[in-house]
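**Q** Right, I'll just put the structure down here and ask away after.
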Amino acid sequence: MSVTDDRTALIALSVLCEPGNAALAELLAADGPASVLARLLAEPDASPLHQMVAARAQGRDVEGLVAGLVAAGDACGARIVTRYDAEWPEGVDDLAELFDEADPNTKPPLCLWLRGPRDLAEVAASSVSIVGARCCTPYGRNIATRLAYDLGRKQWTVVSGGAYGIDAAAHKGALSADGVTVAVLACGVDRPYPAANAGLFERIAETGLLVSEWPPGAIPQRYRFLVRNRVIAALTRGTVVVEAALRSGARHTARRALELERPLMIVPGPVTSEYSAGVHQLARGPGEVRVVTRAAEVIEDLGRIGADLAPPLCSPDAVRDTLDPLAARLVDAVPARRAASAEHIAAQAGVTVVEARRRLPELAMRGLVAYERDRYRLAGDADA
């Protein structure tokens with residue numbers, strides 16, 4: 001049976017082809033999904049795309065195939081969103097501009113499977129991805145959790161990949177703040193992977209979203225994680241990398257963010273840590289990378305120009321910062337151990353004895369110098 005509805009055709013094509021297929025994207029740019037599907041099913045061709053479609057279709061009724069997928073989604077509480085739906089996040093369409101000769105699976109998704117109560121387009125409008133190493137350090141885990149918590153408190157959606165380490169810490173931080181978090185998966189939204197994070201995925205599905213390009217029942221495969229990373233980068237307004245080794249999926253996500261001209265931010269780590277080596281290499285280019293250390297800086301880079309500025313970091317004022325120049329010179333001239341006369345201190349400070357005798361009692365009252373038998377020495381708080 002032929003499919004005449006473009007939305008249904010997109011859903012069918014998303015199952016008959018792997019996501020991001022460049023050859024399929026080229027056909028869809030020139031013709032409607034229903035026409036492309038009919039041509040791929042009808043025309044014998046030796047191209048890899050035709051062979052993939054034929055192998056997966058196996059002569060089955062395509063409308064029945066889609067109906068079965070919808071039923072499987074209903075069974076696990078999932079829904080399908082395509083570019084014909086209001087919930088479609090327009091940011092992923094920017095993937096159409098990507099070209100990678102070594103990786104032909106960079107084009108936009110055909111459809112997305114969602115599980116959770118949130119509207120994807122709405123939460124993606126103010127979202128940031130936090131990604132990093134699966135095998136992370138306590139430092140990295142703490143930073144990712146704190147960043148996500150503070151972003152969640154400011155109504156920013158935290159997006160990550162649901163993996164061990166930094167991903168899980170980011171999701172948990174946002175949940176702890178009663179914020180919204182989205183996990184983009186490399187398998188069906190009904191198959192928790194890693195299995196140890198099953199409880200975390202259930203919590204995300206209750207208040208946020210689980211997102212996948214693969215239908216319910218799809219298993220995770222190694223290459224699918226790299227394909228998935230482009231969606232994490234495109235879905236959000238910017239990406240933060242917390243910890244990443246030299247060879248890391250997080251660096252792949254970062255590369256896609258740069259290619260999409262999305263802001264890329266990094267959290268620096270110890271220069272001796274192998275878990276931060278990949279992060280530091282990102283800072284060396286190519287591409288513009290910003291260092292961030294707190295959520296306010298992330299929001300400044302992604303938020304409204306001139307309106308979402310991070311408050312400046314200032315060290316607390318020391319007592320000496322409040323002194324006028326004459327008083328500061330006197331304090332500098334007062335010995336720390338053996339008390340000295342006002343005359344001696346005046347000579348060391350280069351001021352008159354009258355000025356020294358007038359100001360030293362005032363400094364003693366403020367606790368900066370100690371008075372001992374008409375002599376003065378530094379008090380304990382004078383260096384603060």
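The values are calculated or read from the model by the stated rules, or taken from the named source; none is laboratory data. The model shown is predicted, which means the values in this text are computed figures rather than measured ones. Note that we place each Cβ from the backbone using ideal geometry, even for glycine, and neighbour counts take in every protein chain shown. The area values use the complete protein model at the heavy-atom level, side chains included, leaving out ligands, DNA and RNA. Shrake-Rupley method; radii C 1.70, N 1.55, O 1.52, S 1.80 Å.
**Q** Here are some conditions: (1) more than 23 Å from GLY188 (Cβ to Cβ); (2) open to solvent by 20 Å² or more (accessible area, probe 1.4 Å). THR8 meets all but one. Which one does it not meet?
**A** Every condition holds for THR8 apart from (1).
**Q** Another question, then. From ALA295, ALA205, ALA283, ALA198, grab the single residue that is in the same structural domain as ASP150 (by TED's automatic domain parsing) and within 12 Å of the chain's Cα centre (by Cα).
**A** Working: ALA205 fails: within 12 Å of the chain's Cα centre (by Cα); ALA283 fails: within 12 Å of the chain's Cα centre (by Cα); ALA198 fails: within 12 Å of the chain's Cα centre (by Cα).
From the options ALA295, ALA205, ALA283, ALA198, the qualifying one is ALA295.
**Q** Hey, another quick one. Given (1) small (Gly, Ala, Ser); (2) open to solvent by less than 10 Å² (accessible area, probe 1.4 Å); (3) closer than 20 Å to ILE143 by Cβ, identify the lone condition not met by GLY249.
**A** Evaluating GLY249 over (1) small (Gly, Ala, Ser); (2) open to solvent by less than 10 Å² (accessible area, probe 1.4 Å); (3) closer than 20 Å to ILE143 by Cβ leaves (2) as the failure.
**Q** Does THR106 satisfy the condition of being under 17 Å from the mean Cα position of the chain (by Cα) and among the β-branched types (Val, Ile, Thr)?
**A** Here the answer is no, as THR106 does not meet what is asked.
**Q** Given the options ALA183, ALA174, ALA196, name the one that is over 29 Å from ALA29 (Cβ atoms), surrounded by fewer than 24 Cβ atoms within 10 Å (Cβ to Cβ) and not aromatic (Phe, Trp, Tyr).
**A** Numbers: ALA183 fails: surrounded by fewer than 24 Cβ atoms within 10 Å (Cβ to Cβ); ALA174 fails: surrounded by fewer than 24 Cβ atoms within 10 Å (Cβ to Cβ).
The conditions single out ALA196.
**Q** Another question, then. What is the residue count in segment 200-226 for residues that are open to solvent by 40 Å² or more (accessible area, probe 1.4 Å) and β-branched (Val, Ile, Thr)?
**A** 2
**Q** Evaluate the following for VAL53: is it out of contact with any His (no Cβ under 7 Å at 6 or more places or on another chain), surrounded by 19 or more Cβ atoms within 10 Å (Cβ to Cβ) and within 26 Å of VAL189 (Cα to Cα)? Quick ask: steps written out before the conclusion?
**A** Values: out of contact with any His (no Cβ under 7 Å at 6 or more places or on another chain): yes; surrounded by 19 or more Cβ atoms within 10 Å (Cβ to Cβ): yes; within 26 Å of VAL189 (Cα to Cα): yes.
Judged against the criteria, VAL53 is a match.
**Q** Test each condition in (1) open to solvent by 10 Å² or more (accessible area, probe 1.4 Å); (2) closer than 29 Å to LYS172 by Cα for GLY140 and report the one that comes out false.
**A** Here GLY140 clears every test but (1).
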